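Let me begin by presenting the structure, written as structure tokens, before commenting on it.
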Amino acid sequence: MANDREIIARHAVADAGISGSDVRDMILAAVEARFGGHRAPHQVEMLGDNGSPCLAKDTRIFARQRGLNPCFTPVKSPQGNGISEALVKTLKRDYVNVTPLPDAATVLGLIAAWFDDYSHHRPHSGLDGLTLRQYHQRSEEDQTLNRANS
């Protein structure tokens with residue numbers, strides 16, 4: 001599977017940036033949620049941006065210890081991270097621009113529901129109308145079938 005697009009773990013803060021520790025917590029939460037343990041059963045590419053929390057040596061080491069291969073988008077090249085850019089565009093169009101958002105606390109209170117809807121309920125045209133969860137489940141079934149036929 002090249003990528004699964006699903007938002008597995010997230011962390012949002014107001015009036016501050018996220019830290020390397022926050023990124024490592026998200027990595028662990030994502031690996032545990034996706035694979036049911038502290039390590040991926042096979043090497044998986046983890047695409048991150050070029051922010052210092054993702055580039056930090058401790059974060060890269062931690063990712064490798066979890067069976068992930070940290071990869072980064074090209075500097076000053078948003079098209080190099082098309083999936084993330086599409087996510088931001090979709091979140092703005094389908095959630096942010098149609099919701100009254102008087103303050104950061106309101107946004108932080110809604111993000112989990114937006115991500116849940118995006119990952120589990122919203123059909124995606126690029127996935128033939130499947131939700132991200134359905135796409136991931138179908139990909140797992142296809143991989144199991146491919147291994148059985150090998």
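The values are calculated or read from the model by the stated rules, or taken from the named source; none is laboratory data. Model, not experiment: these values are computed from the prediction. In this analysis, Cβ positions are derived from the backbone assuming ideal geometry, glycine residues included, and neighbour counts consider all displayed protein chains.
Worth pointing out:
- Selection count, segment 93-122, where residues are of a type outside the set (Val, Ile, Thr) and within 17 Å of Arg10 (Cα to Cα): 15
- Scope segment 93-119; condition among the aliphatic types (A, V, I, L, M) and in contact (Cβ under 8 Å) with a residue 60 or more places away in the chain; matching residues: Ala104, Ala105, Val107, Leu108, Ile111, Ala112
- For Ile8, the conditions (1) touching a Leu at 6+ places or on another chain (Cβ under 7 Å); (2) among the β-branched types (Val, Ile, Thr); (3) within 23 Å of Glu141 (Cα to Cα) are fulfilled apart from (1).
- As a summary of the residue check, Asn50 satisfies the conditions (1) at pLDDT 85 or above; (2) in contact with a strand residue (DSSP E or B) (Cβ under 9 Å, 6 or more places away or on another chain); (3) over 26 Å from Glu141 (Cα atoms); (4) among the polar types (S, T, N, Q) except for the one numbered (1).
- Helices (runs of 4 or more DSSP H) enclosed by segment 76-150 - at least 1 residues per element that are modelled with pLDDT under 80, over 21 Å from Glu6 (Cβ atoms) and of a type outside the set (Val, Ile, Thr): 132-149
- Complete set of residues in segment 23-32 that are over 24 Å from Val75 (Cα atoms) and either more than 12 Å from the chain's Cα centre (by Cα) or among the polar types (S, T, N, Q) (or both): Asp25, Leu28, Glu32
- Filter result for the condition that a residue is over 13 Å from the mean Cα position of the chain (by Cα) and touching a residue at least 24 places away in the same chain (Cβ under 8 Å), over Gly17, Gly36: Gly17
- Summed over segment 66-82, the residues that are touching a residue at least 12 places away in the same chain (Cβ under 8 Å) and surrounded by 13 or more Cβ atoms within 10 Å (Cβ to Cβ) give a count of 8.
- Any hit, segment 26-44, residues being in contact with a Pro (Cβ under 8 Å, 6 or more places away or on another chain), at pLDDT 90 or above and under 15 Å from Gly67 (Cα atoms): yes
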